[in-house]
1. Once fully extended, how much extra length lies between B:LEU360 and B:LYS553, figured as 0.36 nm per residue of separation less the alpha-carbon to alpha-carbon distance?
2. How many Cβ atoms of partner chains, on average, are near each residue of A:193-201 if near means within 10 Å of its Cβ?
3. List A:THR167, A:THR285 from most exposed to least, where exposure is judged by having the fewest other Cβ atoms within 10 Å.
4. Which of the peptides A:296-303, A:3-10 is most tightly packed, and how do the rest follow, judged by the mean count of other Cβ atoms within 10 Å per residue?
5. Grab the DSSP H runs of chain B that are 4 residues or longer, score each as -39,500 (n - 2.57), total them, divide by all residues and round the 222 nm result to the nearest 500 deg cm²/dmol.
6. Over 31 Å between Cα atoms: which of B:LYS77/B:LYS121; B:LYS215/B:LYS245; B:LYS121/B:LYS524 fall into that group?
7. How would you order A:245-253, A:199-207 from highest to lowest mean count of nearby Cβ atoms within 10 Å?
8. In what sequence do B:THR398, B:THR389 fall when counting other Cβ within 10 Å, fewest first?
Amino acid sequence: MSAVTGLRIDTLDVLFFRGSRPIGPNAAAESGLPHPQTLAGALRATLLEAHGFDLRAFANARRKPASEGLGARELLASLGAPQGVLDLRVRGPWLCRGERQRVETVFFAAPRTLYRDGDVLTRSWPARGGGAVGNFLRASVELQEGLSMPLWRHDAGDEVALSGLVTLDGLRRVLEGAVPQAREVVAPGALYGFDRRVGIGIDGATSTVKKGVLYAVSLLALCPGVGFYAEVEGDERAASALFERPFRFGGEGRKAMARRVDQLPGGGFARWSVPAKGDARAVITVTPGWDGDRAIPSKLGPAVRAASVARAALHSGFDVARGGPRNTRSLIPAGSVYFIEGMTETQGSFAAPDDAAAGEGLFVTGAWTR
Amino acid sequence: MLLSYLTFQAMVPVLESLGPTAFVYPACRGVPAVDQWLLDACKIPASVLGGRPSVDRLLVPAIPNRFVAIVPSEHAKALGDEAVTAARDAWEKIAGKVYDHISDTLGDDAAWAGAWDAQVKGYWEFRSAVLPRKALQENPALRRELLGDRFFGRAEVVSKLRDYIDPSHRPGYLAEQDPVSRWGGDLAILAKIADAQREVAHFSKGSPQSMVPPKCTLMGDFEQIGPAEFSASQRFWEHAQGSLKVGGFRLRRGERLSAIGLIKRFWVPTHLASEWSFKPTETRLDDTATVAARVWLREAGIDVDQERRKNREWNGQWILSATADERDTSDEDGDDPLDLLEADCPLELGNTLREAKKRLKRAPPRYLAVLHFDGDHLGRWLKGELGPTVRACLHPKTLAYFVERGRALGRERDLEALLGTVRPLSPVRHASLSDALLRFSVDAVPRIVADHDGELVYAGGDDVIALLPLERALACANAIRRAYSEEAYMGRNATASAGLSVMHARSSLRGALDAARAAEKAAKGAGRDALGLAVLRRSGEHARVVMPWTGEKGDAVGAFVEALDAQRARFVEGEAGDRWVYKLRAETAVLRGLEDDAFRAEMRRLIGRTEGADATLATQIESLAERYASWWRTRKDAPAGESWQESFCVLVQSASFMARGGDER
C-alpha cells in the first residue's frame, strides 16, 4: 500500500559528506551536510540489500559496455531489483530536533529574502505595479533574462542577509508573507558542529608511516537531540526494512539509525505549503536541486517574475561504474525564493524525475503579498 | 592580485573618459596601478608622480573589487557597459596567454583543453549599476520611498538646524536645499540597486564532457584539465609537472590543476610581467615555508634572493626538508615527498641550512600566521552613519551662534541633541574617507608588513591579508590596528577587527585563509574591535580564542595585545615555560564556578610552583587575566558553556605556541 512514512534518522557516529572533492595530504577537508541524493542512495542500497539484491553485481554490470546509456533505475530493474524499492520516493534530509520517534520541528535554510538589522528581521519584496518607485526600479535595475521585477528592501538600515536556519513555523510565516519570530531562527552552531580528526599517511607497500603526510578532516557532529528528518513515499512493505536498524550513512562504514516517526511534522511535506489567493505565489526551495546549471529552473521559468537565488551549491558525486567523480553540477540551493504568476502547482520538485524521486529540488509555495 | 587587476581594467574606460578624479571610491591618487597607467597611457613624466612605482608596490593588490564614480548621466550606461566589457576582455586575454603557453609547451590541445572554455567563461561575473541622480533630485519623495523612513530619521534631525538661524541671517540657497543628505541617500540607493542586480547569483556551467577527470588540487570545485582516463591523466600531469615552467613559476609536485588554477599560477609571468614591464623573477612571492622561516633565515645570514639567483629558483620546502630532525631511509624508492624535495635542494644550500640549524641551536620555524584584517562598520562609515557629530564639524564661532540662538528660542535641549547627531555624509567627507583608506592600504600596511618580515597578499581599502612569521604576527597585527586609528588614516573613532590563523607551512593555505576569515568574524561577533586567533596545530588541537586589542577603557589602542606579546619572550627564553597553563586549564571546569579570585589564586600558586618562574611573571599574567576578564564581561555572544577562565588559558597556550614558532612540547 502506498503511503508517506516519516523517518527520524539518528547518527551513530560523526559523519563525513564531501561531494567527491579531493582530499590530499596536508589538506583540511570539512564535511558538509548530506545531500538528498546521498540519503536516497543510502536508503535504497539498504533496502535492496535487505531484499536480497546483490549490489556488487550491479556495480559490475555498470562497468560493462552493455550498460552504457542505461539509467541506474533501468539497470537495477533489469537485474531484478524489487519494483517496490525502485518506486520509492525520498524527501529530505532536513535537520530536525526531538527525541526518538518524535520530531518537534524541522529546520530549513533561511529564505534568501530575509534580512537582519540587529535584532530586527526584515524582508525584500518584488517592486511590482506602476508608480514612481516601480518605474524607477525597473529602469535602474538590470535584471536577469526572464525576470521582470527587481527585489527591493524598503528599510535601508544596516541589514545583512539572514544566515542560518528557520524552523517549520518560521518558514510558514514567510510563506504567509510575514517574517519569522526571533525564536524561529536558529544558528547552525546550535544544531551541529565539527569534530576534527588527524590521520597519517600509510605506505601501501610497506605498511609504514609516510613521513610528513597528514590528513585532517572535520567531521559533522550533531548536537544532542538533533537528527535528520526525511520522508519516504511508496510501498509501505518495501520501506519497512528501513526501520530500527542501522544503515550505512556518513562515509567509511559509519552508520545511522532510522525510526518511523509517530506524526509527520506539520502534516508532512505535502502540507507545508500555505494557501495563496489568486495565481500569484512565492516559491521557496527546501532542498537543493539541479536543472541544467540554471539558477531559475525551467519548470518555473515562464511564471517567474522576481527571484532571489544564492550562489550555487556545487555537487559532484561518484560514478560507481567508472570509479571516478562525476561532473561538478551547480545546484540551486535550498532557501532560494521565486515570485511567480500563473503556476498552479502548490508543492513539488523542479528537478528531473529521477532526481526529484531522490528528494532534489523540492519546493513549497505560499502567499506573495505587499 | 588577479581580481584587483581586473577591477582596475574595468576602471580604465572611466579613467580614459573622465580621469582619476571621477572616482569617489577608491581614491586614485598614489595607487600604483593608476600611476603606471598615467605613465604608460598618458605619457605623464615619472618625475611628476614622484617616480615609477616599484614592482613590489605594483604587485600589492590595492584596488577593492568595486568602485564608485560620478559620470555624466548621458554616458553612464555606456561607461558601465564598457567597464564590464573591459574586465571581461582582460580576463579572456589573460586566459588566452596562459592557454598559448600551455599549448606551446604540451601541444596536442585536443587531449587536455576540453573543459578550458567552459571553466574560463563561467568563472567571473562583472556587473555595473547606474544611479540616475537627476530623477531623485526632481522627485525627493521617490528617494524617501526607496530608502524607507528609518534612513531619513537622523538626516531630518540635522536639517532642523536651519530653524535655529535667524530668518534675516538665512542664506538664500537654504530654501532650495534638499532637507536631507542627498549624497548618503543616493549612495545607499546605488548600493541597493547593485544588491538587487545580484539577487540571482551567477551559476557556472559544468563541464560539457560526459567523462571527467578528477577535481583540481587547488580549487576542488573544478575538474582538472587533461584526459579523464586515469592512467592517461597521470601521464599527462607527470609530463606537465616536468615541463610547465616560466619565469620561475611552475607546478608543484602532485599538483593537478583546472583551467582557473593554471591561469592563477601562470598569469603573472605570461601576461602581467610584459604588461607592466618587469621580469617575472622580480616578483619574489615567497611561499609559506619561507615566510615561516624569515626571521630565522636572517639570523642565519641566508639571503633568499641571493640563493634564488644563484640556484635559479627557490623552494621554501627545502628549508623544511634539509633541516628535518630525522632522516627516514626506509623509503628508498623516493616516493616520500620530503626525500624528493631534498633531492631537489642544492647541495651547498642544504649544507648551509643544516650548519645554521646547529649554530643557532634551533630548527627554522615551521608555522606561520595568516592575518585577515577588516575595518569595523565600514559600510556605516560610508553611509554616513558613523563619523563626526554636527558639533565637531562647526566652527567655534558658528557653534557659539547656534548655542546663543538655542538659548534665545528656549530650545537648548533640542539643540543639544541636534548638535550631538552624526553629520550626514557629504561628497567631500566621502572622498576624504576614500583617501584615508587608500593611504592606509598603499602606504601604511605595506610598510608595517615589511617591517614585520611578512608577505602582503592583499591590501585594499580597510581589508588586509598577509602571511607573517609567527614571532612577529601579534606585533604586526597590533601595529596595523594602531595605524588604522591614526589621524592620518581613519581616525581615533574608527575601530577594526582581525583574525590570525596559525598554520603549518605544509598545511593547506586555503584552509588557513578560511580560518583567519572565521577568526575575524568571531572577533566581530564578540562586539568588534577585537582580534580572533585560530591555532591550527598540524597534529593536535585546533584552538580558537578572541581577545580585545586594548583591554580596558583609557588604555592605548593595542595595549592588551602588546602586553600579551611581551609575555611571549618568557615562554622562549625563560625556564618557566607554560606547563602551569595546561594544569590550570585542566582545573577550569571546577574553578569557573568559583569567584574570579579563586582562579587568580590558583594561577598564582601554579606559577609559583613552576621551576624558574620569577615573581613578576605571576603579577604580569594576573594583570593580563584581570583585563581579559573585564573585557569578557562586556563582549557580545560569548559562546554558551565557555568561561573567561578557560578562554584565557587557551589564549596563553596559543601565545606560548606562537612564541616557540609552533614547536610542540
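Values quoted throughout were computed directly from the atomic coordinates according to the rules given, and no laboratory measurement underlies them. Please read all numbers here as calculations on a predicted model, not as lab measurements. FYI the Cβ positions are ideal-geometry reconstructions off the backbone, even for glycines, and counts take in every protein chain you see.
1. Values: separation 193, 0.36 × 193 = 69.48 nm, distance 4.19 nm.
So the extension gain works out to 65.3 nm.
2. Mean number of neighbouring Cβ atoms from other chains: 2.
3. Numbers: A:THR167 23, A:THR285 29.
Ordered from fewest to most neighbouring Cβ atoms within 10 Å, A:THR167, A:THR285 come out as A:THR167, A:THR285.
4. A:3-10, A:296-303
5. For chain B, the value works out to -16000 deg cm²/dmol.
6. Where the Cα-Cα span goes over 31 Å, the pairs concerned are B:LYS121/B:LYS524.
7. Highest mean packing first, the order is A:245-253, A:199-207.
8. If I rank by nearby Cβ atoms, fewest first, I get B:THR398, B:THR389.
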